[in-house]
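These notes are about the structure you will find just below.
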Amino acid sequence: CINHNKGKLKREMKVMFIGEQGIDQGGVKKEFFQLMIKQLFDPNNGMFVRCQESQLMWFPPEVIQNNVLYELFGVIIGLAIYNDVILDIHFPHILYKKLLGHAATEDDLEQYDPAFASSMKYIMDNTDPNLEESLGITFSVEREVLGCIKTFELVKDGAKIGVNQSNKAKYKEEYINWLFDSSCKAQFTNFKNGFFYSCDDSLLKDFEPDELELLVCGNPTLDFNQLPKN
């Protein structure tokens, strides 16, 4: 359905719910987006995972749902921008950086998962020559997928490679790359494709990631003292 209607996505939307009367003056359209986002974020779908500490959403490390749903999610975000609708979604800054071709950094890890970022800082600052023995961790990650714990290797045979003083910087680099890139490459690629079906990339080429985030989510800081003044 999306592929057959790409040319029609870059137009102003008018929404009508079957069985309901009314002219869409913006409220019906906003309700449509709210319902779509609620459905896509339903935990039963398994499309996204939430970091408990930051409460931010991200793509799971394994494709559970059909990638068409990630494409649909991208279309919804792009359509919202095109139709001036602010969405109540909570993703880390890296989502908007990746849409504009920027690479992930240590700051992105700190925003998305502060607890793990703190643990990573401890490893980087640790000068113990026997770090590998004291840590007991390898170039692998354990994550829960559909109620089961699965191991994902950051590099080939990563579960057999211990983190030590000589390779800990590479461990940090590989973990950030795994979390924000390689573990969700298929999911994000489909999301990005859908996004640019409905939002012209030429219009966003001069945007900064924080400006794109502002277009999607609006300003989270509201000055209510300015409201009566304006």
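The values are calculated or read from the model by the stated rules, or taken from the named source; none is laboratory data. Please read these numbers as outputs of a predicted model, since none were measured by experiment. Counting neighbours? That spans all protein chains shown, and the Cβs are built from the backbone with ideal geometry, glycine included. We work out accessible area using only protein heavy atoms, side chains counted, and drop any ligands, DNA or RNA first. Shrake-Rupley method; radii C 1.70, N 1.55, O 1.52, S 1.80 Å.
The residue pairs whose first member lies in the range 77-104 and is more than 19 Å from Asn193 (Cβ to Cβ), whose second member is part of a loop (DSSP other than H, G, I, E, B), and whose beta carbons are closer than 6 Å, counting only pairs six or more residues apart or on different chains, are Asn83/Met13; Ile86/Gly218; His90/Leu56; Pro92/Leu56. Taking the listed residues Phe73, Phe152, Phe91, Phe116, the one that is assigned to a helix (DSSP H, G or I), open to solvent by less than 40 Å² (accessible area, probe 1.4 Å) and of a type outside the set (Asp, Glu) is Phe73, with no other qualifying.
Tell me, yes or no, whether the range 2-10 has at least one residue that is modelled with pLDDT of 90 or more and part of a helix (DSSP H, G or I).
no
Within the range 35-49, if we keep just the residues that are hydrophobic (A, V, I, L, M, F, W, C) and assigned to a helix (DSSP H, G or I), the residue that is surrounded by the fewest Cβ atoms within 10 Å (Cβ to Cβ) turns out to be Leu35.
When each of Lys192, Lys170 is tested for being in contact (Cβ under 8 Å) with a residue 40 or more places away in the chain, assigned to a helix (DSSP H, G or I) and among the charged types (D, E, K, R), the lone residue that passes is Lys192. Selection of the range 141-167 for residues being within 20 Å of the chain's Cα centre (by Cα) and either touching a residue at least 60 places away in the same chain (Cβ under 8 Å) or under 21 Å from Ile123 (Cα atoms) (or both) yields Val141, Glu142, Arg143, Val145, Leu146, Phe152, Leu154.
Considering the conditions (1) open to solvent by 60 Å² or more (accessible area, probe 1.4 Å); (2) assigned to a loop (DSSP other than H, G, I, E, B), Glu133 is excluded by exactly one of them, (2). Taken over the range 50-70, the criterion of being more than 18 Å from Pro92 (Cβ to Cβ) and either without any contact (Cβ under 8 Å) to a residue 60 or more places away in the chain or assigned to a loop (DSSP other than H, G, I, E, B) (or both) is satisfied by Glu62, Val63, Ile64, Gln65, Asn66, Leu69. Taking residues in the range 217-230 that are part of a loop (DSSP other than H, G, I, E, B), and partners anywhere that are modelled with pLDDT of 65 or more, the pairs with Cβ atoms closer than 7 Å and at least 6 places apart or on different chains are Gly218/Ile86.
When the residues of the range 181-230 are filtered to those that are at pLDDT 75 or above and hydroxyl-bearing (Ser, Thr, Tyr), which remaining residue is nearest to Trp58 (Cα to Cα)? Here the residue is Ser183. Scanning the range 173-188 for residues that are in contact (Cβ under 8 Å) with a residue 12 or more places away in the chain and not hydrophobic (A, V, I, L, M, F, W, C), we see that the one that is surrounded by the most Cβ atoms within 10 Å (Cβ to Cβ) is Gln187.
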